[in-house]
Amino acid sequence: MENGVNPEKKECSGQRETKQKSKETKQNVSSDSAQGNTAPPHPPRVRPRLVFHTQLAHGSPTGKIEGFTNVKELYTKIAEVFNISSTEILFCTLNTHKVDMQKLLGGQIGLEDFIFAHVRGETKEVEITKTEDALGLTITDNGAGYAFIKRIKEGSITDRLQNINVGDNIEAINDQTIVGCRHYEVAKMLRELPKSETFTLRLVQPKRAFDMIGQRGKSTKCASEAKMSSGKETLRLRNNGTATLEELPSNGEQEMTCKVDDLLESYMGIRDMELASTLVETAKEKTSPEEFGRGLDNLLGEFAFPAEFILEVWEAIIQANN
């Protein structure tokens, strides 16, 4: 008893009203059913079942994967199919088993694309003396914590070292692990190494099939990187949120993104079509280069692009829009 009321029989006015409305609703439904006026329920909207075929790049049976929304989940699905750890996967290519950086899987997959997973092979350590400001490396990452070499500039310091190849994962710099770092962070670390000093890179090369052994694999400019999807629609993977089906970008948008990707390599030593696309989208929503720069700070946290890079990207996008 509380204030003279039995707690088991307490009932607020809202509950009484709800019960009364519930009775009226049931009576109306029964009346409508008797008269044959009940409308059939709308069937739930069925999302398309997207299934992709996959193999290990050095050779394996074909597996099927589905139900992933970002790159990390994609790697987990591939690992489950082949009974390996997802940390064994360095990167994936689309429609080729070769270490072809123009077929690298980024944030988009065409609905008809075949996915090849490149896994860890041998580990090696290479000593490099930084005789020039630039090493001649272009760095990218797999979106799941591994940065690797996407391009080696002809005639550069690293080009003269035959045991460094495109596709090699950079695991450590001077015994400092960089696993979990984004590619722009790794590029900044390498750029800030003192000139004339010797440093060590610990590299992990992808496991190769017999027809891939000895392949140096210098890539060309990004002419086809923006068009690596084969279908009219593409599955776009995002770090946060669900994957979405989107139409392929127009030729103008592709050219703009490719131009920003070229600027990324020129200023930062990285290539990343997904990041370039994000920069383009961010700039479209801004009204000044200063506002654009603040948007990039919010996007990338503490990492700061050079002011001249921000201005050049802004001007390139404005010119393209005009």
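The values are calculated or read from the model by the stated rules, or taken from the named source; none is laboratory data. In this text, all values refer to a predicted model and were calculated from it rather than measured experimentally. We place every Cβ from the backbone using ideal geometry, glycine too, and count neighbours over all the protein chains shown. Ligands, DNA and RNA are stripped out before the accessible areas are found, and what is left, the full protein with its side chains, is counted by its heavy atoms. Shrake-Rupley method; radii C 1.70, N 1.55, O 1.52, S 1.80 Å.
Starting from residues that are buried (at least 20 other Cβ atoms within 10 Å of the Cβ) and in a helix (DSSP H, G or I), keep the ones in the stretch 263-273 and report whichever is nearest to the chain's Cα centre (by Cα).
To start, the set of residues in the stretch 263-273 that are buried (at least 20 other Cβ atoms within 10 Å of the Cβ) comprises 264-265, 268-273.
Among the residues that remain, those that are also in a helix (DSSP H, G or I) are: 264-265, 268, 273.
Working: Leu264: 16, Glu265: 18, Met268: 18, Met273: 10 Å.
Among them, the one singled out is Met273.
Within the stretch 109-140, the residues that satisfy the criterion of being open to solvent by 40 Å² or more (accessible area, probe 1.4 Å) and among the polar types (S, T, N, Q) are Thr123, Thr129, Thr131.
Each row is one residue, and each column tells you yes or no for (1) at pLDDT 55 or above; (2) open to solvent by 80 Å² or more (accessible area, probe 1.4 Å).
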{"residue": "Ile178", "(1), (2)": "yes, no"}
{"residue": "Thr200", "(1), (2)": "yes, no"}
{"residue": "Lys207", "(1), (2)": "yes, yes"}
{"residue": "Met212", "(1), (2)": "no, no"}
{"residue": "Lys218", "(1), (2)": "no, yes"}
{"residue": "Ser229", "(1), (2)": "no, no"}
{"residue": "Leu235", "(1), (2)": "yes, no"}
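Those residues that are under 22 Å from the mean Cα position of the chain (by Cα) and not basic (Lys, Arg), I need them from the stretch 173-202; list them, please.
If we filter the stretch 173-202 for residues that are under 22 Å from the mean Cα position of the chain (by Cα), which is where we start, we get 177-189.
Passing the criteria: Thr177, Ile178, Val179, Gly180, Cys181, His183, Tyr184, Glu185, Val186, Ala187, Met189.
Restricting attention to the stretch 98-135, report how many residues are of a type in the set (Lys, Arg), closer than 16 Å to Leu56 by Cα and out of contact with any helix residue (DSSP H, G or I) (no Cβ under 9 Å at 6 or more places or on another chain). Full working, then the answer.
As a first pass, look at the stretch 98-135 and keep what is of a type in the set (Lys, Arg): 98, 103, 120, 124, 130.
Right, trim to closer than 16 Å to Leu56 by Cα and you get 98, 103, 120.
This time we only want the ones that are out of contact with any helix residue (DSSP H, G or I) (no Cβ under 9 Å at 6 or more places or on another chain), so: none.
Final tally of qualifying residues: 0.
The residue of the stretch 265-310 that is farthest from Met189 (Cα to Cα), among those that are in contact with a Cys (Cβ under 9 Å, 6 or more places away or on another chain) and at pLDDT below 75, is Met273.
Table: residues versus (1) at pLDDT 90 or above; (2) under 18 Å from the mean Cα position of the chain (by Cα); (3) farther than 28 Å from Ile170 by Cβ.
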residue	(1), (2), (3)
Gln55	yes, no, no
Phe82	yes, no, no
Phe91	yes, yes, no
Leu94	yes, yes, no
Lys98	yes, no, no
Gln102	no, yes, no
Glu125	yes, no, no
Thr129	yes, no, no
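Here the stretch 275-295 is the region considered, the condition is being assigned to a helix (DSSP H, G or I) and open to solvent by 50 Å² or more (accessible area, probe 1.4 Å), and the residue that is farthest from Gln108 (Cα to Cα) is Glu290. Within the stretch 184-192, can one find any residue that is outside any loop (DSSP other than H, G, I, E, B), open to solvent by 20 Å² or more (accessible area, probe 1.4 Å) and more than 15 Å from Met268 (Cα to Cα)? No, the stretch 184-192 has no match at all.
Of all residues in the stretch 247-266, those that are of a type outside the set (A, V, I, L, M, F, W, C) have Cβ atoms under 9 Å from Cβ atoms of residues that are at pLDDT below 70 and assigned to a helix (DSSP H, G or I), 6 or more apart or on another chain, in Pro249/Ala226; Glu253/Ala226; Gln254/Ala226; Gln254/Lys227; Glu255/Ala226; Thr257/Ala226; Asp261/Glu225; Asp261/Ala226.
Return a yes/no flag: does the stretch 97-104 have any residue that is out of contact with any strand residue (DSSP E or B) (no Cβ under 6 Å at 6 or more places or on another chain) and assigned to a helix (DSSP H, G or I). Looking for residues that are out of contact with any strand residue (DSSP E or B) (no Cβ under 6 Å at 6 or more places or on another chain) and assigned to a helix (DSSP H, G or I), one finds at least one in the stretch 97-104, hence yes. Among the residues making up the stretch 60-75, a single one is within 13 Å of Phe116 (Cβ to Cβ), open to solvent by less than 70 Å² (accessible area, probe 1.4 Å) and among the polar types (S, T, N, Q): Ser60.
Within the stretch 30-53, restricting attention to residues that are closer than 30 Å to Leu104 by Cβ and not charged (D, E, K, R), which residue is modelled with the highest pLDDT? It would help to see each step written out before you state the result.
Start the filter on the stretch 30-53 by keeping residues that are closer than 30 Å to Leu104 by Cβ, which leaves 47-53.
From the residues that got through so far, the ones that are not charged (D, E, K, R) too are 48, 50-53.
On the way: Pro48: 51, Leu50: 79, Val51: 87, Phe52: 90, His53: 93.
Here the answer is His53.
Pairs meeting the criteria (first residue in the stretch 86-113 and within 17 Å of Ser277 (Cβ to Cβ), second residue basic (Lys, Arg) and open to solvent by 30 Å² or more (accessible area, probe 1.4 Å), beta carbons under 6 Å, at least 6 apart or on different chains) are Leu94/Lys103.
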